[in-house]
Every structure is written in C-alpha cells, then in structure tokens.
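Engineer: Quick one: the structure is below, questions incoming.
The values are calculated or read from the model by the stated rules, or taken from the named source; none is laboratory data. Note that this is a predicted model, so its numbers are computed, not measured. So basically every Cβ, Gly included, is an ideal-geometry build from the backbone, and we count neighbours across all protein chains shown.
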Amino acid sequence: MAVEGVDPEVAECDVRTDEILINMGPQHPSTHGVLRVVLRTDGEVVLEATPHIGYLHRCAEKIGENVSPRQWIPYTDRMDYLAGMNMNLGWSLCVEKLLKLEVPEKARHLRVIIVELNRIASHLVAAGTYGLDLGSFTPFMYAFREREKIYDLFELVCGARLTYSYITIGGAMADFPSGWLEKCEKFLNEFEPVVDELHALLTDNTIFIRRTAGIGVLPAEVAIDYGCTGPVLRGSGVAWDLRRDGDPWYTRMYEGYEFHVIAQTNGRYPVERPGHPVPKAAVLGDCWHRYYVRMLECVESMRLIRQGMEKYSRAKGGIGEPIKLMQKLPKGEVYLETEAPKGQMGFMIVSDGAAIPWRARARSSSFCNLSVLSELCRGCLIADVPAILGSLDIVLGEIDR
Amino acid sequence: MEFSEIAKLVAERFGERVVGVVAEAIDPWIEVLPEAVAEVARFLRDEPRLRFDFLHCITGVDYLQTDPKRKIEGQPRIELIYHLESMVHRHRLVLKTILPRWKDGVEGQLPEVPSVCSVWSTANWHEREVYDLMGVRFLGHPRLERILCPEDWEGHPLRKDYVMPLEYQGIRGR
C-alpha cells in the first residue's frame, strides 16, 4: 500500500517496528552504580538515552555548610570513592588557597606520590570493569590484583583502604611509615610488566577493538561544549591536563616534575608502544581512545611517583601541621579545580569569616562527563550502550554527591 | 588576557548592565544584571579576543541571615556564579549575577534568570541542579526539571531557610 509522501520502494523496505522504552538500571551491573538510563529503542537501535541520576544524593554540599572545612574532608572522599585521595587533595588545596597556606616541600612530594598512586588505582578499576562490561573477565582480575596492592600501601599510611581522609588542609595526617618507600618501589617494579599484560589482554585484543573502536565518537568541540574533562576530553585529542594547564596554586605542586599530557595530537600519542600502533578502526574520540588514554596515563603516573619518591627522600623538614579543626577562615570566595582521575574536580568555598564556610560547592567531573551520554548514544546499538558508558568511567557517588 | 582587559572589554560592550568589577578578590569577578546574563555569555564565548569556550560550573549561593551570630552583608539575595575558562587563550573569568530571593518579593515565586544552555551545553545539567537545590528558574531552559532530588520533592534544600521535611512518601525523616 502506498504511503503518501514516501518513496514506495523505501516504504516497502522499511522495517521500522514500534518504539520501546527500556529501563537500564538503577540496578544494572554495567551502569557502574545506581544510574538509571531510559532507552527509547527502535529494534536494536537506540534513538534516545536519558540518564536519570540522584539515587545516591547525600546533600554533601548542605553538610559542607554546616561543618568546618577539616570536618568536611571525610565527606569529600566519599564522593569519588575510587579516588578518595584526589578528592581530599582538591578540597584541601581549595581551602589552602583561601588561607594562602603553602605546604612544606616534603608534603608537596608526598601528595604527588599518593594522588598518582590513587590515579593508577582508579584507572585500573576503569580498565578492569570496562573489560567486564564487554564480556571479558580476566583483565578485571589482573587489574584488581594490582589495585589491592595499592590499597595495601594506603592502608599502611593511613589505616583505611577506601575512604582515607589522609591528605588534609595544611599537609597530610601522618608521614609515610618507615620502609614504605621501598614497598612502593617494589609495587612499581611489579606493576610495570602488568601494564603490558593488560595491553595484551585488552588493548590489542581483536574482540575488544571491534567492540570499542569507532563506537561513541565524541568530537573535541562537543566534548568542550559539554564540559567533559579528564581522559574523556583527552581521548578526543585535546591536550588539556590541569597538572600542566591549571591554576598556579595547583600546578606548583607538580613543579619540577616531568610528564606527558596523554592525548593524540597530529595523529600520534606522546608515548608510543613500539610494535603496537593504534588500530586502524579506531577513530579519535571513540571508546577505544578514551580507554587507551587511561592506560597510558598509568605509565605516566608511575613516572611521576618515581620522581616524587626521589624528591621526597631528598626534601628536608617535616610534612606540615594540619590546621586547627575549628580555625577561623578569612573572608572570600575561592574556586579551584584539580585533575582527578575521572576529570577536573572543582571545589568552591565561600567564607564569611567564620570557622564554618557559608557555602561549600563541589563541581563533579563525572556529572559533566555523563551529561554527554545522550549525545553519544543517539543511533547506536543497545549493546554499545554499556561500552560507551564504561568508557566514560563515571562514579555515581561523585555525580550525586 | 589579564582580568582588567577582559573587564574593560565587557564594560565597553555592555555599559550600565555591568554592575560591578571586583579585581582585588582571589578570583576576580564581573557582576552583571540578571537579564543580561545570556547576552554577556554569548559575547564572552564568541568575541575572538575572549573565546570563553569552557564553562566549569554554575554555583548558587543563598544569602539569608538565619543565625543571629552570623550577619550577612547587604540585602538577602541569591548569587549565581559562573566559572569560565578559555582553552584557546588560557584565561579564566568569574561571572556573577545577583537575584532576589523571591521574584517580586512574593514568597514561593522563584527568581528568574535567562538560561545559558544555548551557549554552553554544560549549563543544561548545572542549571537543573541549581534549580533543584537552590530554587532559581532559568528562562529558556529546554527541560527544567529536578535532577538530584525526586520529582515530587518540596522546597530547595540549599536555601538557608529550608526546613527538612518530617516525612516523605511514608518515610520518616529526622
């Protein structure tokens, strides 16, 4: 039967079915937490993906304006609980910027070592669970075995394995215990070959490449427009890393350190693996590149930790004193962003001169990274949704705060 | 570009709609009238010398005295703070606008400000968050709904006079 206004040939071949709404989550294993995505599908094709968030909202900002900055630190590491150290650092630096308080040289290097270790741990979770999302179980075990070792190291410095509250305003809660640096060195030596194993298991795996290359392509302009940061932005070929390009108050922490900003510019990565070129099917900005940036960043973080350990052992003096629990804050408004593993984590403090801030604000990186999901999923297949979601590497604790 | 030059460019273009320039703050800011926000935002993004292509975040701050020991300066108000950055020119800017706590002083009427969604897509979710938690209506937003709280939640939790409900859907609070 002829349909008006439609080419009869097209109408005949049209296999459109009814649109169906599918609820993915909030308890779906591949949504990485309590995220609900409503998919409007036509057969296997996703026409629209709408993320619904808020299942883990704990009013962190409201709590922040009822407790003093040091008391809020335990709440910050429950935001991105896979990178608690980086969250502690972000808030500490923000308050230090308001107080104009500089930490001693030794504490600076201590912080670099700790946050870079946590970056590796976070990227390992990202890579491991990404394999899991795509149906490969082995890399997950390899990644988590190494992550456990990092958590053992953290346990030695602060007693906690997940929520540390270790880095604090004015330095850190304690110095490294004796013999810790040797243990850290041992871990790095063990971890180095594991990176190659993970590359062999995932990065160069044909099935993995076919599941990720060319899927969910995020052009650089769109990434910037949506406020995407971290590996998501760098995976689109924008060489932007706050450790190098950020606020001077933050970049001075990395002064004297050498590292590459991992992003493919002019067709090549600053670090290359000999004999393993970028697969031909991969398009800049796709899932594969986002994953690859994280893997290369692990190696860069190792370099930073090695430099940090050397600088730390040469630095004289102590690691500084944390400020008093109820110390009065100067009046002012300060915003500071740091490069957390998942992107730029921003903290803002508005102070009216009392010990308790007037307003505490957390700008979450995963929040912005997730907002681009509906853009990426338009027109993809249902099976690609976990692949795209996993490549964004979100943590719901940070999105919902 | 230095802050003073940026402030001068904006002031030249928008004249009296730029209400204040505070250069001595730790993060210097420009304050504009609420109705000019979207226009200023578009200018900041498109002007070749400025090119603020990246919106970090939108923050709402409620100024209302609820504790007799903590006095606020000036009138009760809501401040909206936009943190911007130019990845091209590598400079930053803080844009501020001040709204009344209630539109026309009628309690329950949310204050209004033009949306900057069409300028930066980041604003889409951030404006929803500010609407949800702070109670500011963004005019021209494509889908201004609550984002963190449930749809049927009452009140805006980050307001200073917010009272935690005693009960929600049969679940006891407090």
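Engineer: Between a residue in the stretch A:283-297 that is in the same structural domain as A:E146 (by TED's automatic domain parsing) and farther than 16 Å from A:P219 by Cα and any residue that is polar (S, T, N, Q) and surrounded by fewer than 24 Cβ atoms within 10 Å (Cβ to Cβ), which pairs come within a Cβ distance under 9 Å, given they are 6 or more apart or on different chains?
Structural biologist: A:Y292/A:T203; A:Y292/A:Q264; A:M295/A:T203
Engineer: Can you work out which of the residues in the stretch A:159-213 that are acidic (D, E) and in a loop (DSSP other than H, G, I, E, B) is farthest from A:C94 (Cα to Cα)?
Structural biologist: A:D204
Engineer: Sticking with this one: If I ask for residues that are more than 14 Å from B:D62 (Cβ to Cβ) and of a type in the set (F, W, Y), which ones from the stretch B:125-174 would you list?
Structural biologist: B:W125, B:F138, B:W153, B:Y168
This table checks each residue for (1) away from chain A (no Cβ under 12 Å); (2) surrounded by 13 or more Cβ atoms within 10 Å (Cβ to Cβ); (3) at pLDDT below 90.
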residue: B:G105; (1), (2), (3): yes, no, yes
residue: B:P111; (1), (2), (3): yes, yes, no
residue: B:L133; (1), (2), (3): no, yes, no
residue: B:D161; (1), (2), (3): yes, yes, yes
residue: B:Q169; (1), (2), (3): yes, no, yes
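Engineer: Working only within the stretch B:51-77, note down all residues that are of a type in the set (D, E, K, R) and surrounded by fewer than 22 Cβ atoms within 10 Å (Cβ to Cβ).
Structural biologist: The answer is B:R51, B:D53, B:D67, B:K69, B:R70, B:K71, B:E73, B:R77.
Engineer: Report yes if A:D241 is within 21 Å of A:V115 (Cβ to Cβ) and in the same structural domain as A:A200 (by TED's automatic domain parsing), otherwise no.
Structural biologist: yes
Engineer: Quick check, is A:V283 modelled with pLDDT under 90 and either in contact with a Lys or Arg (Cβ under 9 Å, 6 or more places away or on another chain) or among the aliphatic types (A, V, I, L, M) (or both)?
Structural biologist: Yes; evaluated as a whole, the condition is true for this residue.
Engineer: Out of the stretch B:141-155, which residues are surrounded by 13 or more Cβ atoms within 10 Å (Cβ to Cβ) and under 17 Å from the mean Cα position of the chain (by Cα)?
Structural biologist: Those that are surrounded by 13 or more Cβ atoms within 10 Å (Cβ to Cβ) and under 17 Å from the mean Cα position of the chain (by Cα): B:H141, B:L144, B:R146, B:I147.
Engineer: Does B:L80 qualify as being within 28 Å of A:G64 (Cβ to Cβ), of a type outside the set (S, T, Y), crowded, with 21+ Cβ neighbours inside 10 Å and touching a Gly at 6+ places or on another chain (Cβ under 6 Å)?
Structural biologist: It is true that B:L80 is within 28 Å of A:G64 (Cβ to Cβ), of a type outside the set (S, T, Y), crowded, with 21+ Cβ neighbours inside 10 Å and touching a Gly at 6+ places or on another chain (Cβ under 6 Å).
Engineer: Restricting to the stretch B:147-174, what's the tally of residues that are out of contact with any Leu (no Cβ under 9 Å at 6 or more places or on another chain), part of a loop (DSSP other than H, G, I, E, B) and not hydrophobic (A, V, I, L, M, F, W, C)?
Structural biologist: Result for the stretch B:147-174: 9.
Engineer: Here are the criteria: (1) touching a strand residue (DSSP E or B) at 6+ places or on another chain (Cβ under 8 Å); (2) modelled with pLDDT of 90 or more. Tell me which single one A:I167 does not satisfy.
Structural biologist: In the conditions (1) touching a strand residue (DSSP E or B) at 6+ places or on another chain (Cβ under 8 Å); (2) modelled with pLDDT of 90 or more, A:I167 misses (1) alone.
Engineer: From A:A354, A:A360, which residue is more than 30 Å from A:P29 (Cβ to Cβ) and more than 9 Å from chain B (Cβ to nearest Cβ)?
Structural biologist: None of the other options fit; the residue is A:A360.
Engineer: Can you tell me which residue in the stretch A:30-65 is nearest to A:I382 (Cα to Cα), limited to those that are within 12 Å of chain B (Cβ to nearest Cβ) and in a loop (DSSP other than H, G, I, E, B)?
Structural biologist: Checking each candidate, the answer is A:I53.
Engineer: Given the criterion within 14 Å of another protein chain (Cβ to nearest Cβ) and either more than 17 Å from the chain's Cα centre (by Cα) or at pLDDT 90 or above (or both), identify the matching residue among B:L80, B:L64, B:L9.
Structural biologist: Selected residue: B:L80, the only one of B:L80, B:L64, B:L9 that is within 14 Å of another protein chain (Cβ to nearest Cβ) and either more than 17 Å from the chain's Cα centre (by Cα) or at pLDDT 90 or above (or both).
Engineer: Which one of the conditions (1) within 14 Å of chain B (Cβ to nearest Cβ); (2) farther than 16 Å from A:A49 by Cβ; (3) not in a loop (DSSP other than H, G, I, E, B) does A:K328 fail to meet, given that it meets all the rest?
Structural biologist: Of (1) within 14 Å of chain B (Cβ to nearest Cβ); (2) farther than 16 Å from A:A49 by Cβ; (3) not in a loop (DSSP other than H, G, I, E, B), only one is false for A:K328: (3).
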